[in-house]
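Below: the structure, in structure tokens.
Laboratory data are not the source of any read-out in this text; all were calculated from the coordinates shown. Remember, it's a predicted structure, so these values are computed and weren't measured experimentally. Please note: Cβ atoms are built from the backbone with ideal geometry, for glycine as well, and neighbour counts cover all protein chains shown.
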Amino acid sequence: MTARGDVATTIVFDGLTKQFGQTHAVHELSATVRPGVVTAFLGPNGAGKTTTLRMLLGLVTPSRGTATFDGRRYDELSHPVRQVGALLEATGFHPSRTAVNHLRTIAVAARLDPRAPGRVLETVGLADAADRKVGGFSLGMRQRLGLAAALLGDPPVLVLDEPANGLDPHGIRWLREFLCGLAQEGRTVLVSSHVLPEVEQTADDVLLLAHGQLVRQTSLSELRAEHAHGADIRTPHAQELDLLLTAAGYPSSVVGPGRLVADAPPSVVGDLAAAHGIAVHRLVESTVGLEDLFLTLTADVSP
Amino acid sequence: MTALIRAELFKLRTVQVTAWLLVATLTVVVAGGPRPRARRSSRHRARPAAGSALLAVAVASASAGEIIVMIMGILAMSQELRFGTATSTFLVTPRRGRVVGAKLAALTIAGLVFALVSMVVAVPLSVVLIRAEGGTIIWDGQVADVLVAAVLVMMLYGLLGIAIGALVRNQIAAIAGSLTWVFIIEGALAGLLPDAARWSPAGATGAALQIGTWTGNQDMLTPWWLGLLVLAGWTVLIAVVGTRSALQRDLT
Ligand SMILES: Nc1ncnc2c1ncn2[C@@H]1O[C@H](COP(=O)(O)OP(=O)(O)OP(=O)(O)O)[C@@H](O)[C@H]1O
Ligand SMILES: [Mg+2]
């Protein structure tokens with residue numbers, strides 16, 4: 001991989017909409033994906049992730065709106081393979097073609113360096129299987145081959161639809177580090193997933209999609225800061241502490257007899273209780289798991 | 001564009017089915033070919049050919065591989081959808097019309113190769129068989145015309161295959177449909193509506209190969225190159241309709 005510095009590319013979705021008959025697959029999606037970080041494109045099954053990415057890549061025609069790379073549609077790019085690398089679910093391979101020959105079909109058509117297929121097979125750990133027919137490949141091997149195809153043109157932008165599918169834990173860790181590395185080189189990396197924990201350690205930015213609509217565009221750290229910290233408190237004086245916390249500007253609520261949750265760091269709760277002589281029997285930091293958060297946020301949108 | 005054509009030829013070379021199709025073509029040439037026989041239409045009953053036409057007849061019969069080249073064309077198009085390679089193909093070349101154009105060019109070249117290989121086997125084999133039966137070989141203009149027509153017919157059928165593959169999305173439907181057309185509907189058409197059958201793809205093919213001269217079929221289009229033109233017309237028609245729909249479809 002060569003270093004990039006200057007070729008930053010920003011992806012912009014603007015009012016992107018797709019209807020399949022009665023199905024609103026994607027509705028008025030507007031968002032920006034910046035270079036230099038990994039952006040996670042999250043949403044439950046059927047949220048419209050794949051449809052959005054296929055529109056971005058010119059494979060599906062939007063009903064309305066646009067998706068562009070630095071202002072240009074995919075089919076307007078002068079050299080798409082060198083500018084954008086893509087891995088999509090349901091991308092196939094001819095079963096009787098070998099792995100390296102699959103990559104060569106792309107390399108020949110895109111006038112790439114004839115050594116590129118061998119190089120990317122090395123990168124994804126498939127060098128030994130280069131001359132094997134893809135028909136005999138496992139799911140994980142196919143996924144790696146798809147990734148190799150995305151990397152073939154050494155592109156500054158990567159668009160990957162559920163790249164971790166079929167990878168073993170080893171492969172997932174490798175992928176995570178690999179994607180972070182690509183982003184650190186200044187590339188734009190957009191990765192879809194329906195499992196938040198999968199991208200938790202990789203992503204910087206998050207696009208949250210549900211029922212075809214963008215729920216949030218934010219950074220993962222912001223999302224964590226917003227929701228992760230809270231306190232779960234057991235005290236015989238729940239009502240009293242609740243009033244004190246609320247007065248101090250921390251949202252809180254009594255959730256059961258002698259039990260209270262507050263949107264405040266435990267240290268604040270403990271100090272406040274001590275200052276007012278309130279006995280606290282148990283005080284734990286409640287971290288809302290990103291998984292729960294994901295479920296909550298995506299459940300809120302009505303279809 | 002040359003890069004795209006090279007890529008399409010490379011795709012043909014790197015799948016096993018292409019080799020099998022070549023084997024099938026040669027089998028057709030050797031097994032069914034150099035003996036004058038009825039082609040497709042049940043109405044065309046073979047009769048002993050007149051002296052000078054003997055070699056032409058043999059060569060024409062040997063070029064039955066065009067159906068196989070057509071299947072190669074259908075596969076070149078429909079396997080992309082069946083195996084999902086269409087996604088990578090269109091990612092490399094988002095302007096889909098160029099992909100279809102490259103496939104048409106590649107099948108022209110592949111059709112030429114298949115035709116030349118067929119002729120290299122068919123012509124000497126015909127000569128040997130005719131000699132063995134005590135016939136006289138006469139090289140005349142008709143033989144030359146049939147040779148040229150046989151090569152062009154094979155190339156056109158490759159294009160026809162691409163056109164059908166673009167029009168009919170489903171691979172099985174495309175192959176089964178076109179074989180049904182060639183072997184069943186064309187036969188029925190020739191029997192029921194000979195005037196229309198002259199202009200059908202198979203009728204035009206027969207005319208191009210001058211099959212009428214040995215089947216005694218007077219209904220064939222003349223001259224022989226009119227048959228080629230009509231066949232080309234069919235190809236263009238199906239290609240235009242098929243390509244237009246293939247270009248606009250969402251690939252999900
Ligand atoms: N070709 C199509 N015809 C009709 N409906 C479609 C088509 N493609 C997608 N859809 C519908 O659009 C919606 C979004 O599908 P999409 O595949 O984009 O979801 P996704 O977020 O990628 O889901 P997953 O996590 O399962 O991959 C779904 O309701 C799906 O049924
Ligand atoms: Mg999907």
* To do: Let me have the 222 nm mean residue ellipticity of chain A computed from DSSP H runs of 4+ only, each contributing -39500 (n - 2.57), with the sum over all residues rounded to the nearest 500.
  => -9500 deg cm²/dmol
* Loop trypsin sites (Lys or Arg not before Pro), segment B:107-200 (other Cβ atoms within 10 Å of the site Cβ: 16 or fewer; DSSP) -> B:ARG169
* Asked: Counting only DSSP beta bridges with both residues in the protein assembly as shown, what percent are antiparallel, rounded to the nearest 5?
  -> 65
* **Inter-label distance, nm, simple model (7 Å from Cα along the C-beta direction), A:ARG119/B:ALA173** => 4.3
* To do: Could you calculate the FRET efficiency of B:ALA19 with A:THR32 from 1/(1 + (r/R0)^6), where r is the beta carbon distance between them and R0 is 60 Å, rounded to 0.05?
  => 0.75
* Would you list B:TYR157, A:TYR74 from fewest to most Cβ contacts within 10 Å? -> A:TYR74, B:TYR157
* Asked: Considering only DSSP beta bridges with both partners in segment A:157-282, what is the antiparallel share in %, to the nearest 5?
  -> 75
* Structure fact -> In degrees, nearest 10, the alpha-carbon axis of helix A:266-275 is tilted away from the dominant principal axis of the alpha carbons of chain A by 10
* Structure fact -> DSSP beta bridges in segment A:11-224: the antiparallel percent, rounded to 5, is 55
* To do: Provide a whole-number value for the mean count of partner chain Cβ atoms within 10 Å of the Cβ atoms in peptide A:28-40.
  => 0
* Structure fact -> In the structure shown, of B:LYS11/B:LYS103; A:LYS49/A:LYS133; A:LYS49/B:LYS11, the pairs separated by more than 22 angstrom at the C-alpha atoms are A:LYS49/A:LYS133; A:LYS49/B:LYS11
* Could you give the angle, 0 to 90 degrees to the nearest 10, between helix A:99-109's Cα long axis and the longest principal axis of the Cα atoms of chain A? -> 70
* To do: Report, largest value first, the span of the C-alpha coordinates of the protein assembly as shown along each principal axis, in whole Å.
  => 123, 48, 37
* Once you have the Cα-Cα distance between B:VAL120 and B:LEU226, take 0.36 nm times their residue separation minus that, and quote the gain in nm to one decimal. => 35.6 nm
* A:ASN45-B:ALA144 FRET efficiency (beta carbon distance; Förster radius 60 Å; 0.05 resolution) -> 0.40
* To do: Quick one: among A:VAL280, A:VAL189, A:VAL37, which has the greatest mean-square fluctuation in a GNM of chain A with alpha-carbon springs under 10 angstrom?
  => A:VAL280
* At what distance in nm do the modelled label points of A:GLU240 and A:ARG173 sit from each other, each positioned 7 Å from its Cα along Cα→Cβ? -> 5.1
* **Largest-first principal axis extents of the Cα set of segment B:121-162 (Å)** => 43, 20, 11
* Asked: Under the classification rounded if a/c is under 1.5, otherwise prolate if a/b is larger than b/c and oblate if not, where does segment A:44-90 fall, given a ≥ b ≥ c as square roots of the Cα gyration tensor eigenvalues?
  -> oblate
* Please find, in a Gaussian network model of chain A (springs between Cα atoms separated by less than 10 Å), the residue of A:PHE69, A:PHE41, A:PHE93 whose mean-square fluctuation is greatest. => A:PHE93
* Please say if segment A:151-216 is rounded, prolate or oblate, where rounded means a/c under 1.5 for a ≥ b ≥ c the square roots of the C-alpha gyration tensor eigenvalues, and otherwise the choice is prolate for a/b larger than b/c and oblate otherwise? => oblate
* Structure fact -> Within the set A:THR32, A:THR105, A:THR246, GNM on chain A using Cα springs under 10 Å gives the largest fluctuation to A:THR246
* To do: Between A:ARG216 and B:ARG244, take the C-beta separation as r, use R0 = 45 Å, and let me know the FRET efficiency to the nearest 0.05.
  => 0.65
* Mind putting together the pair-distance distribution for segment A:5-107? All Cα pairs, 10 Å bins, whole percent per bin, short to long. => 13, 41, 32, 14, 0
* Asked: Full extension from B:ILE137 to B:TRP199: what is 0.36 nm times the residue separation minus their Cα-Cα distance, to one decimal in nm?
  -> 19.1 nm
* Structure fact -> Between the alpha carbon centres of segment B:127-203 and segment A:49-74 the gap in Å comes to 44
* Structure fact -> Yeah, segment A:228-287 with a ≥ b ≥ c from its alpha-carbon gyration tensor (a/c under 1.5 is rounded, else prolate when a/b outruns b/c, oblate otherwise) is rounded
* Hey, could you grab the Kirkwood Rh for segment A:11-224? Inverse mean 1/r over distinct alpha carbon pairs, Å, one decimal. => 17.5
